[in-house]
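Okay, so here's the structure we're looking at.
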Amino acid sequence: MAHEHSHGEHSHDSEANEKALWIALALTGGFMLTELVGGLLSHSLALLSDAAHMVTDTAALLIALLAIRMAQRQADARRTFGYARFEILAAAFNALLLLGVAVYIMIEAVRRFMQPPELQTGTMLAIAVLGLVVNLISMRVLTAGQGDNLNLRGAYLEVLSDMLGSVGVIIAALVVRYTGWTPADPIVAVLIALWVVPRTWSLLRTSSNVLLEGVPSGIDPLAVRETLAAQPEVEDVHDLHIWGLTPQRRLLSAHLVIADTLDAQHGDRLIARITELMHDTFDIAHCTLQLERSHCAGHNRLHPHDALHAEP
């Protein structure tokens, strides 16, 4: 039974995500040089940290766009599941970029505490306000797809961190401008970095789990095993594996021990029923089920035509 989204729906989602990324890239890339030059002229670490995020944003958005294009490629003889995992690689790379930037900001902040430079608060404010507007627009266009797409979530986190960076720079510039307290600048930079790190770590952990073929979030393997074993025809379940090409495209394979009285026709029906059950209960899109006779030592397999690959 066909339960997966149609190729047309997947294509529509990919086109929408790609369009959002292009808009965000145009805004981010166009503003990146302005903010970088402004940070150097104003000697503001908070502004430079935001500019550094913008540099990584531009790279991350380009990678995310490449990932979408790669993921759209059809499966071939060497990539039988297609290229969907490329988006997960992009998300992991973006997370590593963000972590690297956070470490750099913290190291630079220590130096700034010991040797505070003279800040040009007027330049800081003007560029930070413009950056805030750019980031808010970018966030708006990326919001729709980031909830269920790990690649887009990574890009969204990059832009979100920049938005907070712009807010932080505005606060730091106002504090320094009206109080003369220059430590506000590196303090704000460190706070931005500390806010980004746990969210970036969560993205890296999720993408790593997919790449390591871990059980997708929200699925209890014990519950899946119990559901399989609860079928009247199933006497035992072993070699159960649950993983995902992406967090949304979940797969399962298992060996099911059945009574030796069950014929091939009933075996086909059992596989079809379990495949539909796995989709409806656990949102598992692809099942590979192998039936084995209970009376055979070592769980010998049925005739090859009974070991079916079923996809809802």
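Just one of the listed residues (PRO232, PRO216) is assigned to a loop (DSSP other than H, G, I, E, B), open to solvent by 50 Å² or more (accessible area, probe 1.4 Å) and either closer than 21 Å to PHE93 by Cα or free of Cβ contacts under 8 Å to residues at least 60 places away in the same chain (or both), namely PRO232. Here ASP162 meets each of (1) at pLDDT 80 or above; (2) assigned to a helix (DSSP H, G or I); (3) closer than 19 Å to LEU40 by Cα with one exception, condition (1). When segment 226-244 is filtered for residues that are of a type in the set (D, E, K, R) and within 30 Å of GLY82 (Cβ to Cβ), only ASP239 remains. Among the residues of segment 246-284, the one identified as farther than 20 Å from LEU222 by Cα, open to solvent by less than 30 Å² (accessible area, probe 1.4 Å) and under 32 Å from the mean Cα position of the chain (by Cα) is THR246.
Just one of the numbered conditions (1) closer than 30 Å to ASN94 by Cβ; (2) modelled with pLDDT under 95 is not true of ILE271: (1).
Touching a residue at least 24 places away in the same chain (Cβ under 8 Å), part of a helix (DSSP H, G or I), touching an Asp or Glu at 6+ places or on another chain (Cβ under 7 Å) and under 21 Å from SER161 (Cα atoms): which single residue out of LEU99, LEU65, LEU61, LEU89 fits that description? Step by step, each of LEU99, LEU65, LEU61, LEU89 is checked, and only LEU65 is touching a residue at least 24 places away in the same chain (Cβ under 8 Å), part of a helix (DSSP H, G or I), touching an Asp or Glu at 6+ places or on another chain (Cβ under 7 Å) and under 21 Å from SER161 (Cα atoms). Does ILE137 meet the test of being aliphatic (A, V, I, L, M), open to solvent by 40 Å² or more (accessible area, probe 1.4 Å) and touching a residue at least 12 places away in the same chain (Cβ under 8 Å)? In short, yes. Residues considered: VAL110, VAL103. Of these, the only one that is open to solvent by 80 Å² or more (accessible area, probe 1.4 Å), within 21 Å of ILE171 (Cβ to Cβ) and at pLDDT 80 or above is VAL110. Evaluated against (1) of a type outside the set (A, V, I, L, M); (2) under 19 Å from VAL37 (Cα atoms); (3) touching a helix residue (DSSP H, G or I) at 6+ places or on another chain (Cβ under 8 Å); (4) not in a helix (DSSP H, G or I), TYR83 falls short on exactly one condition, (2).
Among the residues of segment 68-80, just one is part of a helix (DSSP H, G or I) and open to solvent by 50 Å² or more (accessible area, probe 1.4 Å), namely ARG69. Looking at THR206, is it assigned to a helix (DSSP H, G or I), hydroxyl-bearing (Ser, Thr, Tyr), open to solvent by 30 Å² or more (accessible area, probe 1.4 Å) and touching a residue at least 12 places away in the same chain (Cβ under 8 Å)? So THR206 passes the test. Residues in segment 43-56 include none that are open to solvent by less than 70 Å² (accessible area, probe 1.4 Å), within 18 Å of the chain's Cα centre (by Cα), within 29 Å of ARG249 (Cβ to Cβ) and modelled with pLDDT of 75 or more. When segment 235-265 is filtered for residues that are touching a residue at least 24 places away in the same chain (Cβ under 8 Å), among the aliphatic types (A, V, I, L, M) and not in a loop (DSSP other than H, G, I, E, B), the ones remaining, listed by number, are ILE242, LEU251, LEU252, ALA254, LEU256, VAL257, ILE258, ALA264.
The values are calculated or read from the model by the stated rules, or taken from the named source; none is laboratory data. Predicted model, so just to flag it, every value in this text is computed and none were measured. Here the Cβ is made from the backbone with ideal geometry for all residues, glycine too, and neighbour counts use every protein chain on show. Protein only, heavy atoms only, side chains kept; ligands, DNA and RNA dropped before computing areas. Shrake-Rupley method; radii C 1.70, N 1.55, O 1.52, S 1.80 Å.
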